[in-house]
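Asks: I am attaching a structure below and will ask some questions about it afterwards.
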């Protein structure tokens, strides 16, 4: 996919890394405020007491479509040898569907629209993720992971922005989000101009020393550990507002969005420091182990919270640590993928760790919360996160 005149030791330009991080953040803005804030409010106004059930159906159908679309469009970008056209097409498709949400006037139409929107969104996200693997060498993957921490942080900040009281109505909020996404994604497509990295593509990369790290055991551990952490993340992603309201009924959607934004903003410098440290020390997995372990501790604090102060502290620990985990995991995953020539498809399979939790989480929540409350749910999620910690802590070094 890149010209064959670059030296293997060449490092990627900072311009591309920063613009790519901006585009990845644009991807987060395209779904974070919608799925965490705008969709729940719309579901509540449409279904009333049935909002939780409607959100579960939206999550299930949307995640199913996203899983297939991410693999399919990742594979398509492998086959065509070009990522940009797919990214542009997905950007246009997803933004158009986002502003079309008001067209849905009943639950069936809303679920159908979510499915179509997820297909377009993953037409953009799948090839965008694979592009980083094409042009960012292992020596900069920790830095890349740190920069990717901006994605959820800016996604949350956009939620806080669009939910400012009296700024815009429900329909206008969707249009604002679509415009922000376009502004963030287009610069890397127009001005990124990454340095070619032929040693990261094709058969040559498969014979390179870095590719020896892609043993089946490492792939399986990385995949399963992220899946377990993402199940916990997905539960908080979908039900954070409802949980805060169960602790303090005076909480508003804007209060939740600001806390969400604060937690993720604090994760950015920590992820950048951890990523840089992992590059310098060649310890790509240790920050992931610590992130998963602290995430489990935060869930246990949340499970025992009796007031809003304790609830916020618990979420602070959980959100901060798992945000660092997920950002660094995204970049370090590129170390263990088996075949550069199928990078887009394989990242689509890894993306199942982002979408499958949305298939599991609603039913896990519906099974546990009515009987044991949110505390019971958080204890189960903490156990899963501890298992992720053990999987990574016993994983052979990637060198």
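Values in this text are rule-based calculations from the coordinates and carry no lab data. Because the structure is a prediction, the values reported are computed rather than measured. Cβ placement follows ideal geometry from the backbone for every residue including glycine, while neighbour counts extend to all protein chains displayed.
Asks: Relative to the first principal axis of the alpha-carbon coordinates of the chain, what is the inclination of helix 14-29, with its axis defined by its Cα atoms, in degrees from 0 to 90 and to the nearest 10?
Replies: The two axes meet at around 30 degrees.
Asks: Going by alpha carbons, how many degrees (0 to 90, nearest 10) lie between the helix axis of 216-247 and the longest principal axis of the chain?
Replies: 30 degrees
Asks: Based only on other Cβ atoms within 10 Å, what is the fewest-to-most ordering of 124, 222, 272? Each step should come with its number before you reach the end.
Replies: Working: 124 28, 222 25, 272 21.
Fewest-to-most ranking of 124, 222, 272: 272, 222, 124.
Asks: Per DSSP helix of 4 or more residues, -39500 (n - 2.57); summed, then divided by the residues of the chain. What does that give at 222 nm, rounded to the nearest 500?
Replies: Numbers: 15 runs with 303 residues, N = 399.
Counting only the DSSP helices, I get -26000 deg cm²/dmol.
Asks: Distances longer than 33 Å among the Cα atoms of the chain: what percent of all pairs is that? It would help to have the intermediate numbers written out before the result.
Replies: On the way: 21012 of 79401 pairs.
For the chain, the fraction of Cα-Cα distances above 33 Å is 26 percent.
Asks: Here's a follow-up. Neighbour counts of other C-beta atoms within 10 Å: give me 250, 330, 304 arranged from fewest to most. Mind showing how you got there, number by number?
Replies: Numbers: 250 8, 330 23, 304 12.
Least to most surrounded, the residues fall as 250, 304, 330.
Asks: Run the numbers on the chain and let me know its relative contact order in percent, using alpha-carbon pairs under 8 Å that are six or more apart.
Replies: Taking the mean separation of contacting Cα pairs over the length of the chain, I get 28 percent.
Asks: If you don't mind, another one. Given R₀ = 51 Å, what would the calculated FRET efficiency be for residue 372 paired with residue 15, taking r from the Cβ atoms and rounding to 0.05? Numbers along the way, then the final one.
Replies: Details: r = 51 Å, r/R0 = 0.99.
E(calc), rounded to 0.05, equals 0.50.
Asks: Related question: In Å and whole numbers, how far do the C-alpha atoms of the range 281-399 stretch along each principal axis, longest first?
Replies: 50, 33, 22
Asks: Further question on the same structure: Give me 233, 310 ranked fewest to most by other Cβ atoms within 10 Å of their Cβ, as a rough exposure proxy. Mind dumping the intermediate values first?
Replies: On the way: 233 24, 310 14.
So the residues, fewest neighbours to most, are 310, 233.
Asks: Based on the Cβ-Cβ distance from residue 139 to residue 175, what FRET efficiency comes out when R0 is 45 Å, to the nearest 0.05? Walk me through the numbers before you get to the answer.
Replies: Numbers: r = 41 Å, r/R0 = 0.92.
Result of the calculation: an efficiency of 0.65.
Asks: Another one. Across every pair of different alpha-carbon atoms, what Kirkwood hydrodynamic radius in Å does the range 52-210 reach?
Replies: Computed over the range 52-210, the radius equals 17.5 Å.
Asks: Run the numbers for residue 280 and residue 313: contour at 0.36 nm per residue of separation, minus the present Cα-Cα distance, in nm. Walk me through the intermediate numbers first.
Replies: Values: separation 33, 0.36 × 33 = 11.88 nm, distance 3.16 nm.
Taking 0.36 nm per residue and subtracting the Cα distance, the gain is 8.7 nm.
Asks: Test of understanding: what is the full-extension gain from residue 224 to residue 68, defined as 0.36 nm times their sequence separation minus their Cα-Cα distance? The partial results should precede the final answer.
Replies: Values: separation 156, 0.36 × 156 = 56.16 nm, distance 1.87 nm.
Taking residue 224 through residue 68 to full extension adds about 54.3 nm, to one decimal.
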